[in-house]
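Novice: One structure, pasted below without further comment.
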Amino acid sequence: MIRGDGLLNHDLLPDEKGPQDQCGVFGVWAPGEEVAKLTFFGLYALQHRGQESAGIATSDGKKLLVYKDMGLVSQVFSESALESLVGHIAVGHNRYSTTGSSSWRNAQPTLGRTASGTVALAHNGNLTNTTDLVEMLREVYPDQTDNEITGGNTTDTAVLTALMAGDLDHTLEATALELLPKVKGAFCLVFMDETTLYAARDPQGVRPLVLGRLERGWVIASETAALDIVGASFVREVEPGELIAIDENGLRSSKFAEVKRAGCVFEYVYLARPDTAINGKNVYDARVEMGRTLAREYPVEADLVIPTPESGTPAAIGFSQESGIPFGHGLVKNAYVGRTFIQPSQTIRQRGIRLKLNPLKEVIRGKRIIVVDDSIVRGNTQRALVQMLREAGAAEIHVRISSPPITWPCFYGIDFATRAELIATGLGVEDVRESIGADSLGYLTKDGMIAATGQQEKQLCTACFTGTYPIELPTADRLGKNLLERTEDPAACNPGPDSELDSIIREAESGSTK
């Protein structure tokens, strides 16, 4: 059963949102457990990774059911909906769109008919060779249009699902092992048919994916925090280039590609929950260390260190510990702002940041303030925040950022702005400081950021900071985040340097509908 009423959540403050990751994925194989409810709570723990739609597929070994809709996990699923999703296998997904529009037809899990049954697939990441995959798809289904093949779904996930289902001569597992080496980009897949749960991760391991153990089964999740929520013990990461299959015979593992590890460093900076561990490193500890390093690299005399809630809090704590300057909460966050069906009026939009954050005037007035945040994308939030703190009576405002300047777009699943919109692309640090109105501005260095993660630089993707992409990008005419739903927008092109990579990125961005 598939439910959809056409409702679409909108960002209350679209200009003020931070970087968004594409999705969260969750899977469980556990006979005797209420797998739909386990998946619901797993998705709840991963809600920060996607807030546009949510879906769960289950199977009792004979019949596969899917329930999905637009909205937050708590909005989509009722008690009765979860009780109707019976079985011992489940796959779940919550989505933030980086490919394909935000609409019900693009919600996941996506479905396809295989030789022996049905496949339901959930995907976190972003593919870079969708053009090649679509050409493969047209060869498999020569008598159908793209929309007929994918059911109107315009995401790269739908293309993968159709290819998984298109081989009528082999099992789903054999088809996956044949297909996955041909897929390029960032992908964490959790998928299932009527009898088996599968998980796969790209050879670079760009996005996190972990394996957990229940007393009576197994769990796959985007982050370890989701394992904790459902009472599963952490076993290990799903390895880059690995396909896992879980059924009544147990767990088996296959390698479909050699490991070329390049985990996303921005997971440590912002994307992952602070109570998650990635590749053996606790994310909270990494962010505190980023703040400590930032205090050493860009010290300043001040009276109080405050975070931009909530993402800047661990780094602000580290900055305070290292500098000896007291930590305090100078901003109060409205926990209920973020998603709504009601569009704000222009008057309210102009005061938009106050719907999210409001200063504690008695704490701020007359003090020299250090404001710690994780990143600056367009600069809109920081500009409004500095103005608000000045109006609250701050004597000085020093902004410290626990990552380097973001100057390049992401093709692996983070919804960064185009290069033309990234404030640090065309401005130096002093120019950015002047633009946001701060008394001083300091960014964490790349070396400081990497050291805080406890990982080797060669095993991390730092493309959004450096422009060095670990997964080769195709030529401009074959690179597109929304291949099946391309809208030309010349205004999105970046007028920057005429390097080959700049040209590729500008042309790709001109076709993006994000």
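Novice: Which members of the range 276-319 meet the condition of being touching a helix residue (DSSP H, G or I) at 6+ places or on another chain (Cβ under 8 Å) and of a type in the set (Phe, Trp, Tyr)?
Specialist: Tyr284, Phe319 - these are the residues of the range 276-319 that are touching a helix residue (DSSP H, G or I) at 6+ places or on another chain (Cβ under 8 Å) and of a type in the set (Phe, Trp, Tyr).
Novice: Still on this structure, I have one more. Any idea which of Gly413, Gly393 is assigned by TED's automatic domain parsing to the domain that holds Val300, modelled with pLDDT under 95 and out of contact with any Leu (no Cβ under 6 Å at 6 or more places or on another chain)? Write out each step before concluding.
Specialist: On the way: Gly393 fails: modelled with pLDDT under 95.
Every option except Gly413 fails the conditions.
Novice: Then there is this: Within the range 283-329, take every residue that is among the small types (Gly, Ala, Ser) and closer than 21 Å to Val429 by Cα and give me the one that is surrounded by the fewest Cβ atoms within 10 Å (Cβ to Cβ). Don't jump to the end; show me each part of the working.
Specialist: Start the filter on the range 283-329 by keeping residues that are among the small types (Gly, Ala, Ser), which leaves 286, 291, 295, 302, 311-312, 315-316, 318, 320, 323-324, 328.
Of the ones still in play, those that are also closer than 21 Å to Val429 by Cα are 291, 295, 302, 312, 315-316.
Details: Gly291: 29, Ala295: 26, Ala302: 23, Gly312: 25, Ala315: 33, Ala316: 29.
Once the filter is applied, the top-ranked residue is Ala302.
Novice: Determine if the range 371-387 includes at least one residue that is surrounded by fewer than 23 Cβ atoms within 10 Å (Cβ to Cβ), among the small types (Gly, Ala, Ser) and more than 29 Å from the chain's Cα centre (by Cα).
Specialist: No: the range 371-387 contains no residue that is surrounded by fewer than 23 Cβ atoms within 10 Å (Cβ to Cβ), among the small types (Gly, Ala, Ser) and more than 29 Å from the chain's Cα centre (by Cα).
Listed here are the residues, each with its yes/no results for (1) in a helix (DSSP H, G or I); (2) hydrophobic (A, V, I, L, M, F, W, C); (3) over 30 Å from Tyr284 (Cα atoms); (4) in contact (Cβ under 8 Å) with a residue 12 or more places away in the chain.
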site	(1), (2), (3), (4)
Ala158	yes, yes, yes, yes
Leu163	yes, yes, yes, yes
Ala174	yes, yes, yes, no
Leu180	yes, yes, yes, yes
Tyr198	no, no, no, yes
Pro208	no, no, no, yes
Ile220	no, yes, no, yes
Leu227	yes, yes, no, yes
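This table checks each residue for (1) crowded, with 23+ Cβ neighbours inside 10 Å; (2) at pLDDT below 95; (3) within 16 Å of Ala90 (Cβ to Cβ); (4) aromatic (Phe, Trp, Tyr).
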{"site": "Leu137", "(1), (2), (3), (4)": "no, yes, no, no"}
{"site": "Thr161", "(1), (2), (3), (4)": "yes, yes, no, no"}
{"site": "Asp169", "(1), (2), (3), (4)": "no, yes, no, no"}
{"site": "Ser222", "(1), (2), (3), (4)": "yes, no, yes, no"}
{"site": "Val235", "(1), (2), (3), (4)": "no, no, no, no"}
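Novice: Inspect all residues belonging to the range 439-460 and state whether any of them is at pLDDT below 95 and in contact with a helix residue (DSSP H, G or I) (Cβ under 9 Å, 6 or more places away or on another chain). Lay out the reasoning, then the answer.
Specialist: Step one: list which residues in the range 439-460 are at pLDDT below 95, which gives none.
For the range 439-460, residues at pLDDT below 95 and in contact with a helix residue (DSSP H, G or I) (Cβ under 9 Å, 6 or more places away or on another chain): absent.
Novice: In the range 247-270, is there at least one residue being under 20 Å from the mean Cα position of the chain (by Cα), closer than 21 Å to Phe234 by Cβ and part of a strand (DSSP E or B)?
Specialist: Yes, some residue in the range 247-270 is under 20 Å from the mean Cα position of the chain (by Cα), closer than 21 Å to Phe234 by Cβ and part of a strand (DSSP E or B).
Novice: Specify which of the listed residues (Gly511, Gly496, Gly480) is at pLDDT below 50, assigned to a loop (DSSP other than H, G, I, E, B), crowded, with 17+ Cβ neighbours inside 10 Å and not assigned by TED's automatic domain parsing to the domain that holds Thr155.
Specialist: Gly511
Novice: Only one of Val386, Val372 is under 30 Å from Ile450 (Cα atoms), in a helix (DSSP H, G or I) and not polar (S, T, N, Q). Can you tell me which? Give the steps one after another, and end with the answer.
Specialist: Working: Val372 fails: in a helix (DSSP H, G or I).
Exactly one of Val386, Val372 is under 30 Å from Ile450 (Cα atoms), in a helix (DSSP H, G or I) and not polar (S, T, N, Q), namely Val386.
Novice: Looking only at the range 451-477, filter to residues that are surrounded by 18 or more Cβ atoms within 10 Å (Cβ to Cβ) and β-branched (Val, Ile, Thr); which one of those is nearest to Arg368 (Cα to Cα)?
Specialist: Checking each candidate, the answer is Thr453.
Novice: Suppose the filter is surrounded by 24 or more Cβ atoms within 10 Å (Cβ to Cβ), under 22 Å from Asn94 (Cβ atoms), of a type in the set (Asp, Glu) and modelled with pLDDT of 95 or more; does Asp228 pass it?
Specialist: Numbers: surrounded by 24 or more Cβ atoms within 10 Å (Cβ to Cβ): no; under 22 Å from Asn94 (Cβ atoms): yes; of a type in the set (Asp, Glu): yes; modelled with pLDDT of 95 or more: yes.
When the stated conditions are applied, Asp228 does not pass them.
Novice: Among the residues of the range 36-66, write down those that are surrounded by fewer than 22 Cβ atoms within 10 Å (Cβ to Cβ) and either small (Gly, Ala, Ser) or more than 19 Å from the chain's Cα centre (by Cα) (or both).
Specialist: Lys37, Asp60, Gly61, Lys62, Lys63, Leu65, Val66
Novice: With of a type in the set (D, E, K, R), touching a residue at least 24 places away in the same chain (Cβ under 8 Å) and either in contact with a Ser or Thr (Cβ under 7 Å, 6 or more places away or on another chain) or under 26 Å from Leu85 (Cα atoms) (or both) as the only criterion, which of Glu215, Glu239, Glu258, Glu194 stands out?
Specialist: That would be Glu194, the only listed residue that is of a type in the set (D, E, K, R), touching a residue at least 24 places away in the same chain (Cβ under 8 Å) and either in contact with a Ser or Thr (Cβ under 7 Å, 6 or more places away or on another chain) or under 26 Å from Leu85 (Cα atoms) (or both).
The values are calculated or read from the model by the stated rules, or taken from the named source; none is laboratory data. Remember, predicted model here, so these are calculated numbers, not experimental data. So basically every Cβ, Gly included, is an ideal-geometry build from the backbone, and we count neighbours across all protein chains shown.
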